[in-house]
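Q: The following block contains the structure, expressed as structure tokens.
The values are calculated or read from the model by the stated rules, or taken from the named source; none is laboratory data. Being a predicted model, the structure only gives us computed values, none of them experimental. A quick note on method: Cβ atoms are made from the backbone with ideal geometry, for glycine too, and the neighbour counts reach across all protein chains shown. Areas reflect the complete protein model, heavy atoms only, side chains present, ligands, DNA and RNA absent. Shrake-Rupley method; radii C 1.70, N 1.55, O 1.52, S 1.80 Å.
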Amino acid sequence: MAYDENNIFAKILRGELPCDKVFEDDWALAFTDIQPQAPIHILVIPKGAYVSMDDFSVNASADEIAGFFRAVGTVARDAGATQDGYRMLANHGRDARQEVPHFHVHVFGGRDLGGMVKRA
Ligand code: 5GP
């Protein structure tokens, strides 16, 4: 699947749409989810143009991957979620119901998050 330069997160990265930014460095941008599903619900996205985890894991450089996942950890720590716990989640493709085709990791926390995956 080709990267769509007009996806919502690409527009946020270019500053064409606003976001509630909580973190930014050379590798990643993090902002609160517009429809939070937990007291802490932050989206962390790489600066590079990757459709999903599959694209990112194949095509991103080692520096991009390290920088991105360090940023995810920093975001969770800065949100105060490390002590009580948090969940990180990335949806890839149809079965995971990925909505936005720019790779992103959700960071959830601030309450008991329940079981791992919704039963069918
Ligand atoms: P996905 O299903 O692709 O993993 O999740 C996409 C997430 O992006 C959803 O949780 C949705 O609420 C969030 N989202 C969609 N559009 C926007 C937006 O314009 N701004 C922000 N902050 N979040 C968005």
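Q: Would you be able to tell me the number of residues in the range 4-16 that are within 18 Å of residue 53 (Cα to Cα), open to solvent by 50 Å² or more (accessible area, probe 1.4 Å) and part of a loop (DSSP other than H, G, I, E, B)?
A: 2
Q: Could you list, in sequence order, the residues of the range 102-111 that are within 11 Å of the ligand (Cβ to nearest atom) and out of contact with any Ser or Thr (no Cβ under 8 Å at 6 or more places or on another chain)?
A: Scanning the range 102-111 gives 102, 104, 105, 106, 108.
Q: Something else now. Just name the residue that is farthest from the ligand (Cβ to nearest atom) out of those in the range 55-101 that are more than 16 Å from residue 33 (Cβ to Cβ) and of a type in the set (Val, Ile, Thr).
A: Step by step, filter the range 55-101, then rank; the result is 82.
Q: Going through the range 32-54 one residue at a time, which ones are surrounded by fewer than 20 Cβ atoms within 10 Å (Cβ to Cβ) and within 15 Å of the ligand (Cβ to nearest atom)?
A: Scanning the range 32-54 gives 32, 33, 34, 35, 36, 37, 38, 39, 41, 53, 54.
Q: Show the residue pairs meeting these rules: Cβ distance below 6 Å; 6+ apart or different chains; first residue within the range 9-36 and more than 17 Å from residue 78 (Cβ to Cβ); second residue of a type in the set (A, V, I, L, M, F, W, C) and more than 7 Å from the ligand (Cβ to nearest atom).
A: 9/45
Q: Looking for whichever is out of contact with any Phe, Trp or Tyr (no Cβ under 7 Å at 6 or more places or on another chain) and open to solvent by 50 Å² or more (accessible area, probe 1.4 Å) here; the options are 73, 85, 93, 115. Which one fits?
A: Being out of contact with any Phe, Trp or Tyr (no Cβ under 7 Å at 6 or more places or on another chain) and open to solvent by 50 Å² or more (accessible area, probe 1.4 Å) holds for just one of 73, 85, 93, 115, which is 115.
Q: Right, next: When you look at residue 98, is it at pLDDT 95 or above and closer than 21 Å to residue 5 by Cα, yes or no?
A: Spelling it out, residue 98 is indeed at pLDDT 95 or above and closer than 21 Å to residue 5 by Cα.
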